[in-house]
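The structure appears right after this line, and notes come after that.
The values are calculated or read from the model by the stated rules, or taken from the named source; none is laboratory data. This is a predicted model, so every value here is computed, not measured. Neighbour counts run over all protein chains shown; Cβ positions are idealised from the backbone, glycine included. Ligands, DNA and RNA are stripped out before the accessible areas are found, and what is left, the full protein with its side chains, is counted by its heavy atoms. Shrake-Rupley method; radii C 1.70, N 1.55, O 1.52, S 1.80 Å.
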Amino acid sequence: MAKALTQAQIEEIEVLLLTNKSKIEATLRNIDNEHASLSEMDLNDDADFAAASRDYSTDIHIKKQQLEELTQINYVLSKMAKGEYNGLCEMCDAEITMKRLRVKPHAKYCIDCRNYIDKKNS
Ligand SMILES: [Zn+2]
């Protein structure tokens, strides 16, 4: 039987999740502000336009990733709020190590299952 996280460990992960969440929200706000000012800008020059649209597509990519992460963070936070969070892998119930959760507090799967899913999706 894999060992569920202790209350103290869950609280540690919750703090990490909330920190990451506010960082992501700040990043998303910055991106939106930049886009708002970009569309007010006069891009006369082709080079300006190319640079701006290159930035724009990078931003869109970042935004998509950040939104996905935010969804995962909110999911884990809602599980915590319902008292359903135990830090175990959702697929195989194995322990997700604290080392891994400190790097990626919204992780739902252990490394093995994560690798399996990544392989299947690629
Ligand atoms: Zn697993």
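Counting just the residues of the range 70-83 that are more than 16 Å from the ligand (Cβ to nearest atom), of a type in the set (A, V, I, L, M) and touching a residue at least 24 places away in the same chain (Cβ under 8 Å), which one comes out farthest from Leu28 (Cα to Cα)? Of everything passing the filter in the range 70-83, Met80 is farthest from Leu28 (Cα to Cα). Take the conditions (1) open to solvent by less than 50 Å² (accessible area, probe 1.4 Å); (2) free of Cβ contacts under 8 Å to residues at least 40 places away in the same chain; (3) of a type outside the set (A, V, I, L, M); His61 misses just one of them, which is (1).
Scanning the range 64-78 for residues that are within 9 Å of the chain's Cα centre (by Cα) and open to solvent by less than 60 Å² (accessible area, probe 1.4 Å) yields Gln66, Glu69, Leu70, Ile73. Out of the range 84-100, which residues are more than 13 Å from the ligand (Cβ to nearest atom) and open to solvent by 70 Å² or more (accessible area, probe 1.4 Å)? Across the range 84-100, the qualifying residues are Glu84, Lys99. The set of residues in the range 101-118 that are at pLDDT 95 or above and more than 11 Å from the ligand (Cβ to nearest atom) comprises Leu101, Arg102, Val103, Lys104, Pro105, His106.
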